[in-house]
Amino acid sequence: MAFKQTRLHPVPALRAVVEEYEDADFGTRHIHLRTDDQEMVFLVAFPTIPDTSDGRAHILEHLSLCGSAHFPVRDPFFSMTRRSLGWMNALTYPEKTVYPFATTDRTDFFNLLDVYLDAAFFPTLDYYDFLQEGWRLAFEDGKLVYQGVVLNEMKGAFSDPVRALDHGINQHLFHNTTYMVESGGDPLAIPNLTHAALKAFHAKHYHPSQAVFMTAGNVDVRAVQAIIAERVLTKLPGRSERMLPQLAAPWDAPKNATIVIPAQEGNDSKYGFQMSWLMGESSDPVGNIRARLLEAGLLGDASAPLSRAMESAGFGRPSALNHAETSSRQITFHVGMEGLKKSEVSKARTRIWNALEQAAVDGVPTSTLSASLRDLRFHQREIKGGGLPYGLHLLLNALPFEMNGGDILQAFDVEPALQQFDEQIKDPAFFKELVASLLNSPTRLESSVLADASYGTDRIQQETARLAEIESNLTAQDRSRIANESAELLQRQRQVMNKDILPRIRPADVTPMAKPGFPIPLADQGVISLPIASNGVSYASILFNVSDLPADEWCWLNLYAGLVPDLGVGTRNYEDASAWRQDLVPDFEVNLEVHQPLDAAAPLRIAMEFSAKGLKEEQDHIRMALQDTITGVRFDESERLAFLIDSMIRDVQSDLAEDGSRYAALAASAPWSRASQFEEAVFGASGLPFYRYLQEQIASKKGIQAIADRLIILHQKIVGSPVTVLVAAEPQVAVLFGQSFVKAYTNNPRSPGGPQRFAALPSANAALHATAQVNHCFAVWAGPTIAEPDAAFVSVLAELMTNEVLHRTIREEGGAYGAQASHAVGSGLFKMTSFRDPRLSATYADFEQAIAWVLASELSAESIEEAIISVVQSMDQPRSPYAEAHNSWARKQIGVTEAMRIAYRQNVLRCTANDLKEAAAKWLVDKVPSRAAFVGNTDQDLTTLTLTRLASLI
């Protein structure tokens, strides 16, 4: 056996055992996190350390999944997403590339292992895949343009101002290291990358001596190692020392820089100031925790010294970048302000520095640091939900320690280091010394930040000028080569792939029975208690049913939810309340929840949800944080209200491009769904004028008082509404935890109003514009819900269209980062979408083509089976115990029964070509979709869409 075990270490907090193995010949490491989790996780990671911003690591990640020696199929990665029940991805970081997957099926696990190992170590790296995924020159309407999937993906990424700020700072702090370059690729630099350079980069970095293998869950370790040895280690000779990202050199004195970031039009406060420090190595657990404590003490809540100084300044607001960053090889700490006028930049610098100096004298309460250590323990124990498999979440959190030369055991088992700090933080001098180390550090960067509305257009102009220069120098032979390569690529993209060589899971391999939903008990005095295996974490939500509130209250409900967690409570002002809540619980939120029942006659269910979670030992704290906030929230601190509302407005303004896809999605969906109509009115473009109204109101004391008065009245309506309490905890404590909430939240229940009235909306044909370089396109049809037999066939139809048409025409041929059809069985909505798309009208033509293709084509049994497996995959994706229970509760709210779920699954598994054609004819053919696109560049064909500039709405 190639691998020998070197260490074994139990981690009680994770209910896991860490096993370490190493191959003597290559030094290749395999780390296994042994747990009882039935989801089996695998990843292989490589140090990828580019020295230019041409995106070679990112483009290589894409190309590695485009065909390999044993699987010479043009697109094995996307093909396997349709032939597997698992979760698959590939991730590029500044200094490493990771190829992970997860599945609960053993056969599926080893199928994917074969494909991933061959893709990583023996990719074909075909030239035409390089043209498709990376970049290429092409002629469109006789004009020379750049194309490529990664190129367009990164054009979208460069609309993010926080990303631009972070990269600008790294260019200075990490000078002469890989962190100063843009690992994802700067679209202006990507065309400098050659195919030969990409292949050389792979040969250097993707070798067994550089690789780290990791697994988690109920995995047969020896079987995995035997396959790695057979498929990889016996075929690639040689050994070299593991590459590490370079360490940045310390400075003798602080430095200054000016950084330009993207902004939208109409923002007069376009300046910012940022201080950034380069600290110790992140693989040192002590240094890592010190950085977290520094962040918690200085920035953790409104009472923290830096937060208090910035929020009470009377100008600007804290920067979105403020935090301690521990994922790079060296830790960085960032603090700054944004939304400043030019004259306020120096005042911001003085205010931040003075607050740091004062914190070095005064320190912070020990309770603040204790809460931070509690949070670290909590986040280690919580079984995460969301889209990332829990086992993979644990591996990715630990991976930087391994890749950066640290001891990975210290990443999995943080308790020994935490126990050191339990004692150290009791000394008042401890935190003061942490702050003093910042003040005395010469490796400090002070950045003046300019948010420039011409940032995006300047980049477009640079690209246009470069293309014009290239075109002016093209010879006839050059033109012929570009045209021939485009034609050859198109022909290759349209070739029917023979995927027989790829393994797959078939519908016959899948159980026809749906996994039973979590049993939801009847409410006991308004409380529903859910016993779950939560690894010692408890959850509580208090939901007030505000479904009857009229439409003119909807935006106010959202404002209320955004403000309450940052306001005073009872006799505590907002600073004291923030510190009090942070001492009690690691997580507290207020959210506006919307559920649309399947019954069209039933009213929309809208709830204001107050939620908190923490360790089971702190259940009384969870209850106290919720109850005291609900009964005692204050709206009388006028300056605080004005600051918070102004910050909300500024955030919305600066994020118009980043949130453009959401605005377009809601605009397209609103005509077909009451829930989407509500969400569009609140969170979409229709809600933007509300922020303009708020901006006008907070300009005067009278206006602020009017807002406060409105919120006080709204609060009384909310807490006077029907209430449901939902708690989840370990089985032995769940019922008692629930019983602790059995009490009234108000003595003045209000009389409910009538049901909401939703006016019929015409189909949208909207182009929503904010400055960016790419588009997001949406077309939405009304479809069947899970209560209807057709729902299963329409769901399979969506996957079939994605697999057979949209992925090829919009992503591969059109260059968009992503394209898909989807069907939401709760609302019935059927959507076709593209993401980070250079095209507009051509994409909508491809949407229509997908429908025509279904009707005109002979649908193969294999493609239908792949679409079926894609639907089953989404149904069977493992979730955290809390997410599983909460999803069952949510399904019950909208009327989804277990019988519906079983019928839906069985209809999916028996779907035929005839079912798909009939579903397309019934639900899509001759039905006018609602269309809305976020348009980054208005120099496009907008003849069928009505243009609205988002900045003009706010």
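What follows draws every value from the coordinates through simple rules; no lab data is involved. Keep in mind it's a predicted model, so treat the numbers as computed, not measured. Note: ideal-geometry Cβ built from the backbone for every residue, glycine included; neighbour counts use all protein chains shown.
Summary table
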quantity	calculated
Rh by Kirkwood over Cα pairs, then Stokes-Einstein D for the chain at 1.306 mPa s and 10 °C, µm²/s	53
Counting DSSP beta bridges with both ends in the stretch 3-245, the antiparallel % (nearest 5)	85
Burial ranking of peptide ranges 206-216, 322-332, 373-383 (average Cβ count within 10 Å, highest at the top)	206-216, 322-332, 373-383
Electrostatic dipole magnitude of the chain [Cβ: Lys, Arg +1; Asp, Glu -1; Cα centre; debye, to 20]	680
Environment charge at SER827 (Cβ cut-off 12 Å; Lys +1, Arg +1, Asp -1, Glu -1)	+1
Dipole moment magnitude, nearest 20 debye, the stretch 527-739 about Cα centre, only Lys, Arg, Asp, Glu C-beta charged	360
Exposure proxy ranking, count of Cβ atoms within 10 Å, fewest first, for MET801, MET497, MET403	MET497, MET403, MET801
Mean Cβ neighbour count within 10 Å, used as a protection proxy, ranking 349-360, 35-46 highest first	35-46, 349-360
Integer Hz, Karplus 6.51/-1.76/1.60 couplings in order for the stretch 306-323, x for Gly and Pro	6, 4, 4, 5, 6, 6, 9, 5, x, 8, x, 7, x, 5, 5, 8, 5, 4
Footprinting exposure proxy for LEU726, LEU656, LEU125 (fewest neighbouring C-beta atoms within 10 Å first)	LEU125, LEU726, LEU656
Euclidean distance between Cα centres, the stretch 802-881 to the stretch 731-786, Å	26
Cβ-based charge dipole, the chain, positive-most Cα from LEU151, VAL224, MET875	MET875
Two-decimal Rg/Rh across the stretch 784-848, once Rg and the Kirkwood Rh are taken from alpha-carbon atoms	1.04
Part-to-part distance (alpha-carbon centres) for the stretch 208-238 and the stretch 108-183, which is given in Å	27
Mean separation of Cα contacts under 8 Å, 6 or more apart, over the residue count of the chain: relative contact order %	14
Proxy reagent accessibility, fewest Cβ within 10 Å first, across ARG308, ARG466	ARG466, ARG308
Gain on full stretching of the segment that runs from VAL286 to HIS379 - 0.36 nm per residue minus C-alpha separation	31.7 nm
Principal axis dimensions, the stretch 424-570 - Cα atoms, whole angstrom, descending	80, 66, 49
Set LYS4/LYS384; LYS384/LYS613; LYS515/LYS922 screened for pairs whose C-alpha atoms are more than 22 Å apart	LYS4/LYS384; LYS515/LYS922
Shape of the stretch 341-477, Cα gyration tensor, a/c cut at 1.5	oblate
Equivalent ellipsoid semi-axes, the stretch 11-136, via Cα gyration tensor eigenvalues times 5, rooted, Å	27, 19, 13
222 nm mean residue ellipticity, helices alone, for the chain (DSSP H n ≥ 4; -39,500 (n - 2.57); rounded to 500)	-13000 deg cm²/dmol
Residue (of LEU434, ILE851, LEU409) at the positive-pole extreme of the chain, dipole from beta-carbon charges	ILE851
Percent of Cα-Cα distances greater than 33 Å, calculated over the stretch 527-739	20
Bins of 5 Å from zero: percent of alpha-carbon pairs in the stretch 593-669	3, 11, 9, 11, 17, 17, 17, 13, 3, 0
Only Lys, Arg (+1) and Asp, Glu (-1) charged, at Cβ; the stretch 763-953 dipole about Cα centre in debye	700
